Structures are given as C-alpha cells and as structure tokens.
Amino acid sequence: MSLQMNIPQFQLPDLVARIVSHLPQWPHAMTLTAGLNAAVKMKLLPPDSLALLEEHSFLVEVLDTGGRAYFTFRDGLFRPLFTAPQAPDLSLRANLSAFLQLLARQEDPDTLFFNRQLSIEGDTELGLIVKNMLDAVEWPNLPVISGLSR
C-alpha cells in the first residue's frame, strides 16, 4: 500500500513571504540540493537526463513563502549556489501548494503550467528536460501512515 494524500490548492499569507524573503536563502538551497542528491543516489532521476543538466544554473522559487534556492548540477551532484547567478539557465516558480502537488504526483508539470500555477522561464530545451525528468520519476511505494490515507 502507498501513502495517498490530497493536497489542496492554497496560498500562504503575504506576511510569510515578506518575512522569509529577508532571511538568508542558502538554507533553502542546501535543503533542496540534499533532497535532489538523495533522489540521484536512489536512482529516481534518469542518469542520461542528469548528464544534460551539467553546469547549468537553476532557481526554484516558492512564491508564497519567499524562499529561493539557487543551485547547479556538476560532477554528478546538485550543488547549492551561494551567490545568485545574473540570470539562471532555468527558473521554476510556484506557490508551495503547487510544488507539493507536483511532488505528490497529484498534478503534472503541464497542468500546473497551463493553469498558470507553475512558471518556467529560461532555456526552453533545458525546461523540457527537467519537465520530462519530473514526469519520469517513479516514487517508491511508502507504507500507509495511519490517519493520512484517503
């Protein structure tokens, strides 16, 4: 059995983004790259697609939290960037609920993009590579957690 959750669409109050945007952003990049590197080690991300990410810079911005994570992929690992690049090669922006729906496979990147809940800007080819990687991820089955299944 696997964990199934229904994540509603929501937006955090503007106050959250106003506060968080003034805090150091490197913890977001460290956390995101640690999670992405765990996915690499678990072989959840296709190696041939990962090779195409080499030396590119990325921005993931969670709009309603004010959090930004700049990172790159180099030598087989995702690495945080402690200085924001002039213009990242690819930027993904959405509210927290959209990113959670994406991770939970509740919504796909195309649906979120066409419903204007996910913004993808930058290198078009790189954007397609990332989108296809997200579509290809096969999450391992996790045990049902009591009280969370629906």
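Take the residues of segment 58-72 that are assigned to a strand (DSSP E or B) and out of contact with any strand residue (DSSP E or B) (no Cβ under 6 Å at 6 or more places or on another chain): which is surrounded by the fewest Cβ atoms within 10 Å (Cβ to Cβ)? Within segment 58-72, the match that is surrounded by the fewest Cβ atoms within 10 Å (Cβ to Cβ) is Gly67.
Taking segment 38-56 as the range and being assigned to a helix (DSSP H, G or I), aliphatic (A, V, I, L, M) and either farther than 20 Å from Leu81 by Cβ or out of contact with any helix residue (DSSP H, G or I) (no Cβ under 9 Å at 6 or more places or on another chain) (or both) as the test, the residues that pass are Ala38, Ala39, Ala51.
Go through segment 80-124 and give me each residue that's in contact with a helix residue (DSSP H, G or I) (Cβ under 6 Å, 6 or more places away or on another chain), outside any loop (DSSP other than H, G, I, E, B) and within 12 Å of Ser57 (Cα to Cα). Passing the criteria: Pro80, Leu90. Among the residues of segment 1-57, those that are at pLDDT below 95, among the hydrophobic types (A, V, I, L, M, F, W, C) and loosely packed, with under 11 Cβ neighbours inside 10 Å comprise Met1, Met42. Taking first residues from segment 110-133 that are of a type in the set (D, E, K, R) and partners that are part of a loop (DSSP other than H, G, I, E, B), the Cβ contacts under 9 Å between residues at least 6 apart in sequence or on separate chains come to Glu121/Pro88; Asp123/His56; Asp123/Asp89; Glu125/Leu52; Lys131/Asp108. Sub-7 Å Cβ pairs linking a first residue in segment 84-106 that is free of Cβ contacts under 8 Å to residues at least 60 places away in the same chain and farther than 18 Å from Val16 by Cβ to a second residue that is assigned to a loop (DSSP other than H, G, I, E, B) and not aliphatic (A, V, I, L, M), at least 6 apart or interchain, are Asp89/His56; Asp89/Asp123; Leu90/His56; Leu90/Asp123; Arg105/Trp139, ordered by first then second residue.
The values are calculated or read from the model by the stated rules, or taken from the named source; none is laboratory data. Please read all numbers here as calculations on a predicted model, not as lab measurements. Virtual Cβ from ideal backbone geometry, glycine too; neighbours counted across all protein chains shown.
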